[in-house]
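Asks: One structure is given below, represented as structure tokens, and several questions about it will come after.
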Amino acid sequence: MYWEKGSVYLKWQSTVTKCGLVLHTSLNQKMKMKDRKKIARTAGFFYLLVVIFSFLTMAIIPSKIVVWDDHAATMGNLIAYEPLFRFGIVAGILVHLSYTLLPLTLYRLLHHIHKNYATLMVVFALISVPISYTLLLDQFEIIELLKEYSSFGAAEKEQAGLQVLTMYDNLYDGFFLCQVFWGLWLLPFGYLVFKSGFLPKTLGIFLMLGCAAYLTNVFGRILFPNFSDYISTRLLILPATIGEIGICLWLLIIGTKENIKF
């Protein structure tokens, strides 16, 4: 009788222990999911900053200032929109800060899937930062020109206008070369998204296609002089645009979701 009671007690204790372990495991999983969503949304926030400030510095602000075939009009716009131009420099700094923090945050989110690919993603992304960051130096030279522009003679003003156009030309050449690394980092990133199980596979495919699109654009324009006459850059890099904006919004709004089928 004593052994029967003892046996019942041991079984009861074993059941309680198992229930406790299951509960503990369940709580740990929920905490991990919550932490993962927090990291994902942080990455989404940095990605959103990159998208917004990149659009401002590479498209919106230059379109208000630069007239490629008219250096006088360019200088006139530069003087009229000097506060906007200065804000563009600040936006450029913020782009690089955000773009530095983005892959580091994504590494925390995705490194458990494949550490080597996650490391490669960070390396490719960060290589482009010092290259594009140095392009801001020319913009500080433009500020110095603006300070002295009113005291220039006609010939000096013409020279200053030509210098500004040359600086913007160099800026876009720098952006063009950076596309190599802006594309390369999307390949391991897209693979990790595809394999994650908690991010959409479709967006992972678009990101990997985006890598091929960026590289095709760069090498195509270098190797073939009339490449841009036959292939639209905007259409070519559309997969990258869909993938990057899509994953940005997904990370920011949804974070992560278990057992995604698409």
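Asks: Residues that are farther than 18 Å from Gln179 by Cβ: list the helices (runs of 4 or more DSSP H) wholly contained in the range 222-262 that include at least 3 such residues. Break it down into steps so the answer makes sense when it comes.
Replies: Working: elements: 227-230, 233-236, 238-249.
So the answer is 238-249.
Asks: Still on this structure, please answer the following. Name the single residue that is farthest from Gly88 (Cα to Cα) among those in the range 32-67 being out of contact with any helix residue (DSSP H, G or I) (no Cβ under 7 Å at 6 or more places or on another chain) and in contact (Cβ under 8 Å) with a residue 40 or more places away in the chain.
Replies: In the first step, residues of the range 32-67 are kept if they are out of contact with any helix residue (DSSP H, G or I) (no Cβ under 7 Å at 6 or more places or on another chain); the result is 32-35, 37-38, 52, 55, 59-60, 63.
Now restrict to residues that are in contact (Cβ under 8 Å) with a residue 40 or more places away in the chain: 33, 37-38.
Numbers: Met33: 38, Lys37: 32, Lys38: 30 Å.
Step by step, filter the range 32-67, then rank; the result is Met33.
Asks: Additional query: For Thr166, are the conditions met, namely being under 23 Å from Pro103 (Cα atoms), part of a helix (DSSP H, G or I) and either open to solvent by 10 Å² or more (accessible area, probe 1.4 Å) or touching a Phe, Trp or Tyr at 6+ places or on another chain (Cβ under 7 Å) (or both)? Write out each step before concluding.
Replies: Working: under 23 Å from Pro103 (Cα atoms): no; part of a helix (DSSP H, G or I): yes; either open to solvent by 10 Å² or more (accessible area, probe 1.4 Å) or touching a Phe, Trp or Tyr at 6+ places or on another chain (Cβ under 7 Å) (or both): yes.
For Thr166, the condition - under 23 Å from Pro103 (Cα atoms), part of a helix (DSSP H, G or I) and either open to solvent by 10 Å² or more (accessible area, probe 1.4 Å) or touching a Phe, Trp or Tyr at 6+ places or on another chain (Cβ under 7 Å) (or both) - is not met.
Asks: Could you please find all residues in the range 118-137 being part of a helix (DSSP H, G or I), of a type in the set (Ser, Thr, Tyr) and either surrounded by fewer than 17 Cβ atoms within 10 Å (Cβ to Cβ) or without any contact (Cβ under 8 Å) to a residue 12 or more places away in the chain (or both)?
Replies: In the first step, residues of the range 118-137 are kept if they are part of a helix (DSSP H, G or I); the result is 118-133, 136-137.
Checking which are of a type in the set (Ser, Thr, Tyr) leaves us with 119, 128, 132-133.
Matches in the range 118-137: Thr119 only.
Asks: So is Gly76 modelled with pLDDT under 95 and either within 14 Å of the chain's Cα centre (by Cα) or surrounded by fewer than 20 Cβ atoms within 10 Å (Cβ to Cβ) (or both) or not? Working first, answer last.
Replies: Numbers: modelled with pLDDT under 95: yes; either within 14 Å of the chain's Cα centre (by Cα) or surrounded by fewer than 20 Cβ atoms within 10 Å (Cβ to Cβ) (or both): yes.
Yes; evaluated as a whole, the condition is true for this residue.
Asks: Run Phe198 past the list (1) of a type in the set (Phe, Trp, Tyr); (2) assigned to a loop (DSSP other than H, G, I, E, B); (3) free of Cβ contacts under 8 Å to residues at least 40 places away in the same chain and report the number of the one that doesn't hold.
Replies: Every listed condition holds for Phe198 apart from (3).
Asks: Might you let me know whether the range 141-155 holds any residue that is open to solvent by less than 30 Å² (accessible area, probe 1.4 Å), modelled with pLDDT of 95 or more and under 30 Å from Val67 (Cβ atoms)?
Replies: Within the range 141-155 (the criterion being open to solvent by less than 30 Å² (accessible area, probe 1.4 Å), modelled with pLDDT of 95 or more and under 30 Å from Val67 (Cβ atoms)), the answer is no, since none of the residues qualifies.
Asks: Can you find a residue in the range 177-185 that is surrounded by fewer than 17 Cβ atoms within 10 Å (Cβ to Cβ) and in a helix (DSSP H, G or I)?
Replies: Let us first name the residues in the range 177-185 that are surrounded by fewer than 17 Cβ atoms within 10 Å (Cβ to Cβ), namely 177.
Now narrow it down to the ones that are in a helix (DSSP H, G or I): 177.
Yes: the range 177-185 contains one or more residues that are surrounded by fewer than 17 Cβ atoms within 10 Å (Cβ to Cβ) and in a helix (DSSP H, G or I).
Asks: Being closer than 30 Å to Gln163 by Cα and either free of Cβ contacts under 8 Å to residues at least 24 places away in the same chain or open to solvent by 50 Å² or more (accessible area, probe 1.4 Å) (or both) narrows it down to one of Arg108, Arg86, so name that one.
Replies: Working: Arg108 fails: closer than 30 Å to Gln163 by Cα.
Of the residues listed, the single one that is closer than 30 Å to Gln163 by Cα and either free of Cβ contacts under 8 Å to residues at least 24 places away in the same chain or open to solvent by 50 Å² or more (accessible area, probe 1.4 Å) (or both) is Arg86.
Asks: Here's a follow-up. Would you check which residues across the range 203-260 are open to solvent by 10 Å² or more (accessible area, probe 1.4 Å), modelled with pLDDT under 95 and small (Gly, Ala, Ser) and list them?
Replies: Ser228, Ser232 - these are the residues of the range 203-260 that are open to solvent by 10 Å² or more (accessible area, probe 1.4 Å), modelled with pLDDT under 95 and small (Gly, Ala, Ser).
Asks: Follow-up question, since we're still on this one. Identify, please: which residue in the range 28-71 is hydrophobic (A, V, I, L, M, F, W, C) and open to solvent by 60 Å² or more (accessible area, probe 1.4 Å) and is, among those, nearest to Gly174 (Cα to Cα)? Spell out the reasoning first.
Replies: As a first pass, look at the range 28-71 and keep what is hydrophobic (A, V, I, L, M, F, W, C): 31, 33, 39-40, 43, 45-46, 48-53, 55-56, 58-61, 65-68.
With the extra rule that they be open to solvent by 60 Å² or more (accessible area, probe 1.4 Å), the set shrinks to 31, 33, 45, 52, 55, 58, 60, 68.
On the way: Met31: 44, Met33: 40, Phe45: 26, Ile52: 19, Phe55: 16, Met58: 11, Ile60: 18, Trp68: 17 Å.
The selected residue is Met58.
The values are calculated or read from the model by the stated rules, or taken from the named source; none is laboratory data. Since we're looking at a predicted model, the values are computed, not measured. Positions of Cβ are generated from backbone atoms using ideal geometry, with glycine treated the same way; all protein chains shown enter the neighbour counts. Please note that ligands, DNA and RNA were not included when accessible areas were found on the heavy atoms of the full protein model with its side chains. Shrake-Rupley method; radii C 1.70, N 1.55, O 1.52, S 1.80 Å.
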